[in-house]
Amino acid sequence: MKLSIKKGFNFGLTSGVITTLGLIVGLHSGTQSDVVVIGGILVIAVADAMSDALGIHISEESKNEHSVKEIWETTIFTFLSKFFCALIFVIPFLFFSLLFSIIICIIWGLSLIVLLSYKMAKQQGTNPIGVISEHLFIAIAVILITH
């Protein structure tokens, strides 16, 4: 996988999981409304995905290290991975109760973080336990703080 695509995918997926979980838990704590939670997820999927994509676009441009094509690949894959990652979190709310949906989302989101962290650690030749622990700590901190 090209570095520009991998960078966009990894950033979008990580941001999509952590931001969406924080939003879900926070909106549940404040409203206990599945409609509000679903609406929040849809907003995150569009607005925050566009914001992250623009942010990484400007960040990559400012480095003066990448071609225009590479910058746009990173931008597009950041948007798409965050957009679809966030949208997937809507699915449990369409079929299950609010509380059970949140539990499913937390398990799903943390599982994605573990899988991505494991894959990154293996590619870098580092100990997966350390990388996974670090990333899970941050994700769980976001969940607890937003609750």
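What is the order of Ser33, Ser62, fewest Cβ neighbours within 10 Å to most? The partial results should precede the final answer.
On the way: Ser33 13, Ser62 8.
Fewest to most other Cβ atoms nearby, the residues stand as Ser62, Ser33.
Kindly count the pairs of lysines across the stretch 3-146 whose alpha carbons are less than 22 Å apart, treating pairs on different chains or eight or more residues apart as eligible.
Going through the stretch 3-146 pair by pair, I get 12.
Could you sort the peptides 136-146, 106-116 by per-residue average Cβ neighbour count (10 Å cutoff), highest mean leading?
Highest to lowest by the protection proxy: 106-116, 136-146.
Fewest to most neighbouring Cβ within 10 Å: what's the order for Phe89, Phe11?
Phe11, Phe89
Provide the convex hull volume over Cα atoms per residue for the stretch 3-146, in Å³.
Per-residue hull volume (Cα only) is 103 Å³.
For a label point 7 angstrom out from the Cα of Glu65 toward its Cβ, which stretches of the stretch 1-41 have the backbone nitrogen within less than 13 Å?
Only 3-4, 7 pass the distance filter.
I'd like the distance separating the alpha-carbon centroids of the stretch 49-69 and the stretch 13-27, in whole Å.
That distance is 22 Å.
Please identify the trypsin sites (Lys or Arg not before Pro) of the stretch 1-44 that satisfy two criteria: DSSP loop assignment and at most 15 other Cβ atoms within 10 Å. Which are they?
The qualifying sites are Lys2.
If a helix is a whole DSSP H run, which ones in the chain reach 18 Å or further along their own axis (Cα) and hold a mean Kyte-Doolittle hydropathy of at least 0.5? Don't skip to the answer; put the middle values down first.
Details: long enough: 3-31 (41 Å, 0.84); 49-63 (21 Å, -0.14); 68-88 (30 Å, 1.06); 98-124 (39 Å, 1.60); 128-146 (27 Å, 2.06).
The qualifying helices are 3-31, 68-88, 98-124, 128-146.
Every read-out reported here was derived from the displayed coordinates using simple, explicitly stated rules and does not represent laboratory data. Keep in mind that what you see is a predicted model, and the values were worked out from it rather than measured. As a convention, Cβ positions derive from the backbone with ideal geometry for all residues, glycine included, and neighbour counts pool all protein chains shown.
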